[in-house]
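Visitor: Below you will find the structure I want to go over with you.
The values are calculated or read from the model by the stated rules, or taken from the named source; none is laboratory data. Every value quoted in this text rests on a predicted model; they were computed, and no experiment measured them. Positions of Cβ are generated from backbone atoms using ideal geometry, with glycine treated the same way; all protein chains shown enter the neighbour counts. Keep in mind that these areas ignore ligands, DNA and RNA; they rest on the heavy atoms of the full protein, side chains included. Shrake-Rupley method; radii C 1.70, N 1.55, O 1.52, S 1.80 Å.
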Amino acid sequence: MKQMRLLAAAMILCAGCATINTATDYHGMGIENGEMPLETVEIENTGWLLFQCIPIGSGDPRYPNKKTCRLFRNTVTLQNNLNILKDEMERTGATRLANLSSRKTNESILFILFTRRAYHTSAVLLK
């Protein structure tokens with residue numbers, strides 16, 4: 001029973017997460033052509049891999065900023081970040097975006113035993 005608890009605790013610690021952070025305070029600064037930004041969005045989806053190829057847990061892009069994860073699935077993809085961005089555009093009523101940028105990072109722990117992979121996407125939403 002103790003081993004099962006340790007395994008469950010390890011799985012929770014290794015789970016990834018999907019987050020979206022927004023900023024809406026611009027102090028009167030605008031974008032070219034007189035467009036005013038609605039908000040700046042930063043999206044991060046993280047997950048853990050065993051031996052750089054076996055997914056342990058990753059963020060659930062359907063529920064960003066919630067305490068949910070997808071066990072044994074690799075949801076850390078650019079497409080999932082773009083889906084989160086599209087949902088945020090619909091939520092705010094944005095019709096365009098500017099300064100779209102994405103990057104992927106990998107951090108290995110214990111050589112190649114565990115790898116934390118993350119996709120970062122940011123953009124300015126415009127109306």
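Visitor: Restricting the search to region 57-114, which residues are open to solvent by less than 100 Å² (accessible area, probe 1.4 Å) and part of a helix (DSSP H, G or I)? Steps first, answer last, please.
Guide: Taking region 57-114 as the starting set, the residues that turn out to be open to solvent by less than 100 Å² (accessible area, probe 1.4 Å) are 57-61, 64-65, 68-71, 74-78, 80-85, 87-89, 92-95, 97-98, 100-102, 105-109, 112-114.
Listed by number, the residues that qualify are L78, N80, N81, L82, N83, I84, L85, D87, E88, M89, T92.
Visitor: Can you name the condition, by its number, that Q52 falls short on among (1) open to solvent by 70 Å² or more (accessible area, probe 1.4 Å); (2) in a loop (DSSP other than H, G, I, E, B); (3) at pLDDT below 60?
Guide: Exception for Q52: condition (3).
Okay, residues lined up against (1) at negative phi; (2) touching a helix residue (DSSP H, G or I) at 6+ places or on another chain (Cβ under 6 Å):
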position	(1), (2)
W48	yes, yes
Q52	no, no
G59	yes, no
Y63	yes, no
T77	yes, no
N81	yes, no
R103	yes, no
T121	yes, yes
K127	yes, no
